[in-house]
Amino acid sequence: VGQKLRELLDLALPTECIGCGGHGGGVLCGDCLPLLVKSRPLSWPDDFTLGREELGLEAGVAGWRAAGLYHGLLKELVLRLKSSCRHVATPLSIAMVAAAGNDPAFLVPDMVCFVPSSREKVVSRGYNPAELLARAVSERLGRPLMQCLAKTRATLDQDGLPGYQRLSNVSGAFGATRILEPRSSVLLVDDVLTTGATARACSGALLAAGAHEVRVLVAARAAMRGCPAGRG
Ligand SMILES: [Zn+2]
C-alpha cells in the first residue's frame, strides 16, 4: 500500500514553485524557469579547464555539455528528480537542450540513450532519473529514445566514492543491449557528470556496439573537491 501511495504522490504536480515557493501551478514558475535556462552552460571541448584529462574521457566521448554547475536551483531540481519528483525532468530538459546551443552534433543525434540504473534502484524509486531526462530530451529534440545499455555487474554508489575509486568502480560495468547502426551518433543523457567515469564506461560499451560518436548531455556538472570546476 505504501508503494502505491508513494507512486500517486510522485505523480501529483507540485503546486509551489521549487525556485521561489510561489504558487504558479507547476514545478517552476514563469520567472524561475528562464533563470535556469540562462545559467551558464558548461561544455567540453569549449571549456578547456574542464577537459579531457581531468575527466578521463579519452575512451571516446566526443564532447559533453551541462546546463550548469551542480549548485543552487539546478542542484535542487536534480535532488528532487532523484528523490521523488519526476515532473522536474521537464524544466531540466529545457535547460539541457538550451545548453546544447546550436551544435547539430548535440541537437540531431541518431539516437538518445541514457545511463542505466541498477534494477534494485529502479524498483525502489519507481523510475530511473536519467531515463526520464533522456525521454524529455528526446521528445524536445524529436530524436528517437533507445534503451541501449544495461548494467553487467553491481557497482557501488558513485556518490559515496572518492574520485580515484570511481573509474574502477564502473569500468566494464555497462554493456550494450543491441548492435547499433554503423556510424550512429549517440547522445548519452545522465543527471550529473562528476569525474566522467560513468560516462566513459557507458561510452566504451556504445562504441563497442558500433556507435561512431558519443556525446554526453547532463543536467549538471559537479566538481570533485579541489577540481577547477569548483571555481564556478
Ligand atoms: Zn518561481
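FYI, it's all coordinate maths here, none of it is from the lab. Computed from a predicted model, the values in this text were never measured in an experiment. Cβ coordinates were reconstructed from backbone atoms using ideal geometry, including for glycine residues, and neighbour counts include every protein chain displayed.
How big is region 125-186 on each of its three principal axes, counting only the C-alpha atoms and giving the largest first in Å?
Taking the Cα atoms of region 125-186, the three principal extents are 37, 28, 21 Å.
Order 191-197, 149-155 from most to least packed using the mean count of other Cβ atoms within 10 Å. List each step's numbers first, then the result.
Details: 191-197: 23.6, 149-155: 15.3.
My ranking of the peptides, most packed first, is 191-197, 149-155.
Taking 0.36 nm per residue of separation and subtracting the Cα-Cα distance, what length does fully extending Glu181 through Leu107 add? The partial results should precede the final answer.
Details: separation 74, 0.36 × 74 = 26.64 nm, distance 1.86 nm.
Length difference between fully extended and current span is 24.8 nm.
Just how far, in whole angstrom, is region 100-117 from region 120-153 if you go by their alpha carbon centroids?
Comparing the Cα centres of region 120-153 and region 100-117, I get a distance of 13 Å.
Check which residues have an amide H placed less than 5 Å from Gly60's amide H, if you skip close sequence neighbours.
none
Short version: ³J(HN,Hα) in whole Hz for each residue of region 138-148, in order, from phi by Karplus 6.51 cos²θ - 1.76 cosθ + 1.60 (θ = phi - 60°), x for Gly and Pro, what are they?
5, 5, 5, 7, x, 10, x, 8, 10, 8, 10
From zero outward in steps of 5 Å, how is the percent of C-alpha pairs of region 57-133 spread across the bins?
3, 13, 20, 24, 19, 15, 5, 0
I need the peptides 168-178, 64-74 ranked by packing, meaning the mean over residues of other C-beta atoms within 10 angstrom, with the highest value on top.
Result, highest mean Cβ count within 10 Å first: 64-74, 168-178.
What ranking do 132-142, 100-110 get when scored by the average of other Cβ atoms within 10 Å per residue, highest first?
In decreasing order of mean packing, 132-142, 100-110 become 132-142, 100-110.
Across region 170-175, in residue order, what do the Karplus-derived ³J(HN,Hα) couplings come to in whole Hz, using 6.51 cos²θ - 1.76 cosθ + 1.60 with θ = phi - 60° and x for Gly and Pro?
Coupling constants for region 170-175: 10, 4, x, 8, 10, x Hz.
For Ser83 and Leu167 in the same chain, what is the full-extension length gain: residue separation times 0.36 nm, less their Cα-Cα distance, in nm?
Full extension of this stretch gives 27.8 nm more.
Once you place label points 7 Å from the Cα toward the Cβ at Arg40 and Leu156, how far apart are they in nm?
So the label points at Arg40 and Leu156 sit 3.4 nm apart.
Pull up all non-local amide H partners of Cys20: gap of 5 or more, or a different chain, and H-to-H distance under 5 Å with H placed in the peptide plane.
Cys29
Long-range amide H contacts for Val115: which residues qualify at under 5 Å (H placed 1.01 Å from N, peptide plane, sequence gap of 5 or more or a different chain)?
Sorted by chain and number, the residues that satisfy this are Val189.
Tell me, what HN-Hα J-couplings in whole Hz come from the Karplus equation 6.51 cos²θ - 1.76 cosθ + 1.60 at θ = phi - 60° for each residue of region 187-199, using x for Gly and Pro?
9, 9, 10, 9, 7, 10, 10, 10, 7, x, 4, 5, 4
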